[in-house]
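The values are calculated or read from the model by the stated rules, or taken from the named source; none is laboratory data. No experiment lies behind these values; they were computed from the predicted model shown. Cβ atoms come from the backbone with ideal geometry, glycine included; neighbour counts cover every protein chain shown.
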Amino acid sequence: MMHKRLMITLLLLCLMTTFPALAEQHSFAAFHASLTLPDGVYETVLTPNNLASHEAFIQTQGGTVQAWEADFKARGIWLQAYDQDSDRVLVVSALEDVDGQRFFDINEHTSDVRADYRKSHGRDGAWSVLGYNYDSISWKNFSAGRFLQLRYTYRQGGELVCRGFQRRTIRNGYTITVDLQVYGRNLSSGDNTALNKVFDTFAFSQVLPMPELPITLAETDTAPVETYERAFTMKGETKPNARLNAVVMSFTDTQGQVFNATADKNGKYSLPIDLPREGSYLMTLTVESPGLESLTKSYSITYQEGLLPAVITAPPPDLFPQDSFTLMGKTESGVDVTLSVNGVTSQKRTGRDGEFSFKIDTANEGGYSINLSLTKKGFNERVFSYNASRLISQESRDEALRQTAVSPAYIEMAANPEGYDGQLLTYTGYLVSKEDASGEWILRIALDKTDSGFAQEMIVTAEGDPGHAVDSRVRVYGYLVGRNIGQTAAGEEEILPKLQLALLDLAP
């Protein structure tokens, strides 16, 4: 019997050494989802349930188990995994926040609603208040549903904390974010690739049906941001017989004024507001209907006699990404609008809708001093000033890329890819093959051509066909993103350096 047990133990040990550890799947019952972490990448994986068993690690990060438990709960963190070799932290969070309650499932809403949610990540949105600056915001329909693709920098107290890539959606009543944070360095395409390796495994085990959401409100006439008139009327449509209650508070007064209205049997409402005097106000509107969750909205209002109302709907960014930019805004009718760009002026007068726009030529590199003035008889002049600059041209950007790339010896790079992870490398060789693999192009580059074939090969991934013919001699520029493990034609394992393409030139 003892001999039999010994044989079983030896067999188990043999199996453990023969087969690598399986990738680790994590399930999140609260919001009915799961994902899988790649094997051997994330050394430490924290969840709300295992913090106590990682007390030593948490202490090395300057924290305590008790404080981290509270932080995980407050921020809705369900997984926090550390890839310390690459200075990356993967964070999966899900919160039953206001957006989760309001939308429940962003996939079930109209494109206008999704556009508004995307815009909430902009420069003046709620996320910017928390310290996030998103420079890339777009929707993409993945197999798990629609997610925002985000790239950001995160600051606290003006100090840079980290950079990163995120995927975010609202589903099953939660705002869900898969976040790859990068510390102590700039972002690289390898970081986005690392996030995709995890996010490609993200899936929902269940999609809950849409419940009856909070009471709706569609405003046709809303509160003005700026006004020269004391009184205005809010109009729109909500639930039939819903009760509307507006509380108007002055920044200089502690006592507020209350205005009420009731929607008619068709849901239409009219709510007159009368401001007591000039000044700045915060108005809170609450809409209630029996059996439904109430809705609350806030408005900032500035009332000043002689104030010419103006909203710049498309202000210039800090950096112009293209050769032209259209500045847009809205004001009163019959307003003379003058634009000055580096001293060159142009003028328009607004029509009945009060809208105006100017197309600015931003093809030249350099700085742009922009001044916009609005004048109308009987009103005070409004002036808006901006400073922006033009990104370098694509040709210049490519040339700068060529100048910054390094070219370590192939043998050294292949033997120690971790030492060059995320770096821009360049090599001259031959385009051995290229193929479209489900939207991603796979290129095989060889640095040497011999009588028997090719040597010193690498795999390069690209978003599209690079356009050069197979067997062309090329100069490749790419970011090293690890190793590519595949098979040769003979069925043997093949491990090659893997690069993410930045630029591919024909070589002499």
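The table below lists the values:
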{"item": "Given (1) within 26 Å of the chain's Cα centre (by Cα); (2) in contact (Cβ under 8 Å) with a residue 12 or more places away in the chain, index of the condition Leu425 fails", "result": "(1)"}
{"item": "Failed item, numbered, when Glu108 is tested on (1) touching a residue at least 40 places away in the same chain (Cβ under 8 Å); (2) touching a strand residue (DSSP E or B) at 6+ places or on another chain (Cβ under 7 Å)", "result": "(2)"}
{"item": "Region 132-146, residues that are at negative phi, in contact with a helix residue (DSSP H, G or I) (Cβ under 8 Å, 6 or more places away or on another chain) and surrounded by 12 or more Cβ atoms within 10 Å (Cβ to Cβ)", "result": "Tyr134, Ile137, Trp139, Phe142, Arg146"}
{"item": "All positions within region 198-213 that are surrounded by fewer than 18 Cβ atoms within 10 Å (Cβ to Cβ) and not hydroxyl-bearing (Ser, Thr, Tyr)", "result": "Asp200, Ala203, Gln206, Val207, Leu208, Pro209, Met210, Pro211, Glu212, Leu213"}
{"item": "Region 285-310: number of residues that are outside any loop (DSSP other than H, G, I, E, B), over 13 Å from Ser250 (Cβ atoms) and either assigned by TED's automatic domain parsing to the domain that holds Glu355 or hydroxyl-bearing (Ser, Thr, Tyr) (or both)", "result": "4"}
{"item": "One residue from Gly190, Gly256, Gly173 being at positive phi and either surrounded by 14 or more Cβ atoms within 10 Å (Cβ to Cβ) or β-branched (Val, Ile, Thr) (or both)", "result": "Gly173"}
{"item": "Members of region 65-103 that are outside any helix (DSSP H, G or I) and either exposed (fewer than 13 other Cβ atoms within 10 Å of the Cβ) or outside the structural domain of Ser120 (by TED's automatic domain parsing) (or both)", "result": "none"}
{"item": "Condition check for Gly62: touching a residue at least 12 places away in the same chain (Cβ under 8 Å) and among the small types (Gly, Ala, Ser)", "result": "no"}
{"item": "Residue check, Val129 among the β-branched types (Val, Ile, Thr), surrounded by fewer than 16 Cβ atoms within 10 Å (Cβ to Cβ), over 19 Å from Asp87 (Cα atoms) and modelled with pLDDT under 95", "result": "yes"}
{"item": "Residue within region 327-350 that is free of Cβ contacts under 8 Å to residues at least 40 places away in the same chain, touching an Asp or Glu at 6+ places or on another chain (Cβ under 6 Å) and farther than 18 Å from Glu226 by Cβ present", "result": "yes"}
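For (1) assigned to a loop (DSSP other than H, G, I, E, B); (2) surrounded by 15 or more Cβ atoms within 10 Å (Cβ to Cβ); (3) of a type outside the set (S, T, N, Q), each residue gets a yes or a no:
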site	(1), (2), (3)
Phe379	yes, yes, yes
Ile392	yes, no, yes
Ala414	no, yes, yes
Thr426	no, yes, no
Arg444	no, yes, yes
Ile459	no, yes, yes
